[in-house]
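Engineer: There's a structure below that I have some questions on.
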Amino acid sequence: MPDPAEQLLALGAATLGETGGRPMAPRMRPVWPGARLAAPAFAVRCTPGDNLAVHVAVARAPAGSALVVDVGIERERGYWGEVLTTAAKARGIAGLVIDGCVRDVAALQDHGFPVFSTGVALRGATKELPGMAGGTAEVGDVPVQTGDWLIGDADGVTVVPSEQLDDAVAAGTARAEREQALFDALRAGKTTVELLGLDPTPIDEGEDR
């Protein structure tokens, strides 16, 4: 039976975002070049400015899952760094998608730990306020339920609801096959106007001046 993570990684966030997935907001970006992730989500919600829930989630999340974290309105703190990365890797956690900032970027890359965030910030977070580890969270303007699939790569992050996984993979595979035929036709000299059935009449030819 094919590995869902391998299938999702091969299709990519952009394709899946067009075939049943829910693309996160463009602010969600890979922290280091080449970071790639496909794993079931473990949802986390923090009190703004505090990451106690993240520490608890690292201890509770099942191996193979990726944390997906809502930090609220105070995004510009370093909610995650090398210490949590080391702990997460030791527990088999696959990666992190956080609607806030992280730090220790070089160390995260050295660990090969895929992280998608809104940016990098030096100032840390407190570790004492209420939160949630498990359940649901809204991250990158997309509601995510624990068990949904996260797909992240250079293009961004897409969420595929767990109950739609098979349909999304099938639709994504069909789209990828259609695009391959399109690429072949373009290399043979066809234009996108022809192949996509576009109407060029609204575009003026312009005048020489």
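The values are calculated or read from the model by the stated rules, or taken from the named source; none is laboratory data. Everything numeric in this text was worked out from a predicted model, so none of it was measured. Here the Cβ is made from the backbone with ideal geometry for all residues, glycine too, and neighbour counts use every protein chain on show. We work out accessible area using only protein heavy atoms, side chains counted, and drop any ligands, DNA or RNA first. Shrake-Rupley method; radii C 1.70, N 1.55, O 1.52, S 1.80 Å.
Engineer: In whole percent, how big is the carbon plus sulfur part of the accessible area of region 76-208, probe 1.4 Å, protein atoms only? Display every interim value, and only then the final one.
Structural biologist: On the way: 3730 of 7380 Å².
The computed percentage sits at 51.
Engineer: Set the Förster distance to 25 Å, then compute FRET efficiency between D166 and R60 from the Cβ-Cβ distance, nearest 0.05. Don't jump to the answer; show the numbers that get you there.
Structural biologist: Numbers: r = 28 Å, r/R0 = 1.11.
That pair, D166 with R60, gives E of 0.35.
Engineer: Could you compute how much accessible surface R29 exposes when probed at 1.4 Å, giving the result in Å² to the nearest 10?
Structural biologist: Using a 1.4 Å probe on the heavy atoms, I get roughly 90 Å².
Engineer: Explain nothing, just compute: Karplus ³J(HN,Hα) = 6.51 cos²θ - 1.76 cosθ + 1.60, θ = phi - 60°, for every residue of region 95-107 in order, whole Hz, x for Gly and Pro.
Structural biologist: These are the phi-based 3J(HN,Hα) values: x, 9, 10, 10, 7, x, 9, 10, 8, 6, 4, 4, 5 Hz.
Engineer: Work out how far the C-alpha atoms of region 12-71 reach from end to end along every principal axis, then list the three figures in whole Å, largest first.
Structural biologist: Ordered largest first, region 12-71 gives principal extents of 35, 25, 25 Å.
Engineer: For semi-axes √(5λ) of the Cα gyration tensor in Å, which listed value, (i) 29, 20, 15; (ii) 36, 20, 15; (iii) 25, 21, 16, comes from the coordinates shown?
Structural biologist: (ii)
Engineer: Subtract the Cα-Cα distance of E205 and T136 from 0.36 nm times their separation in residues, and report this length gain in nm to one decimal.
Structural biologist: 19.7 nm
Engineer: How large is the accessible surface of L195 in square angstrom, using a 1.4 angstrom probe and rounding to the nearest 10?
Structural biologist: The value for L195 is about 70 Å².
Engineer: According to a simple spin-label model (label point 7 Å from Cα along Cα-to-Cβ), what is the distance in nm between R91 and A25?
Structural biologist: Result for the modelled spin labels: 2.7 nm.
Engineer: In Å², and per residue, what accessible area does region 127-200 have when probed at 1.4 Å with the other protein chains present?
Structural biologist: Details: 4250 Å² over 74 residues.
Per-residue value: 57 Å².
Engineer: Here is a further query. How many percent of DSSP beta bridges within the chain run antiparallel, rounded to 5?
Structural biologist: 55
Engineer: Apply 1/(1 + (r/R0)^6) to the Cβ-Cβ distance of I73 and D155, taking R0 = 25 Å, and write down the FRET efficiency to the nearest 0.05. Provide the component values of the computation, followed by the final result.
Structural biologist: Values: r = 26 Å, r/R0 = 1.05.
It comes to 0.45.
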